[in-house]
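We did not get these values from a lab; they are worked out from the coordinates using the rules stated. Remember, it's a predicted structure, so these values are computed and weren't measured experimentally. Methodologically, a virtual Cβ is constructed for each residue, glycine included, from the backbone with ideal geometry; neighbour enumeration extends over all protein chains shown.
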Amino acid sequence: MNLLIKNTGQYLGNKDVYKEYLASKDKKKFRESHRAELNLYEAARDYLKEHAPMRETADGKVRFMAPSIKLLCAEKEKLTALKNQQYEDFSYVRAKYRELQTVANNVNQMLDQNISLQRYQQQEQQSSQNRRRQEEKAAEQKKTGQSL
């Protein structure tokens, strides 16, 4: 958008010099004395041919239409406002996302602690069951060993 505004300004600003060049009798001398303006005009014209909207003229030729600087500036302001609004929305969503990530990490950490506690309790249960079994075996072996 900035390039379109810049080139439209150069095109319109140097258009009169280009018209004088076309009307001059000694084009070579005129070009030498107004080289910078003509180069700016031609570069802007070439850019606008590629990037400006095209329209059909009365004679049936398709030519680019030099956009109005006011319209371009208004469009730029509109796009800038839209970009700023979208950035605010993005920032809000990003902050919410980070907050949700923190909550999810905290929940996962609590669940991991609960799972670790459950595993510890299961291991303690298994250990106590194993101890009881060993005690029962030892008591049974004592019994069988004493009865022999």
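In the distance distribution for segment 82-148, Cα-Cα pairs more than 13 Å apart total 77 percent.
The simple spin-label model puts a point 7 Å past each Cα toward its Cβ; for GLU56 and LEU12 those points are separated by 2.7 nm.
You can think of it this way: the chain between THR144 and LYS78 has 14.1 nm of extra reach, that is 0.36 nm per residue less the Cα-Cα gap. Given the pairs LYS28/LYS76; LYS49/LYS78; LYS15/LYS78; LYS61/LYS83; LYS28/LYS61, which are separated by over 32 angstrom at their Cα positions? Table pairs above 32 Å Cα-Cα are LYS28/LYS76; LYS61/LYS83.
Here the contact order of the chain, divided by its residue count and restricted to Cα pairs under 8 Å and six or more residues apart, works out to 20 percent. Hydrodynamic radius of segment 22-135 by the Kirkwood approach over all distinct alpha-carbon pairs: 22.6 Å. The gain in end-to-end length when the GLU88 to LEU100 segment is fully stretched comes to 2.5 nm, 0.36 nm per residue minus the alpha carbon separation.
The SER68 and ALA36 beta-carbon pair, evaluated with R₀ = 35 Å, returns a calculated FRET efficiency of approximately 0.90.
Highest average first, the peptides 80-89, 5-14, 64-73 ordered by how many other beta carbon atoms sit within 10 Å of their residues are 5-14, 64-73, 80-89.
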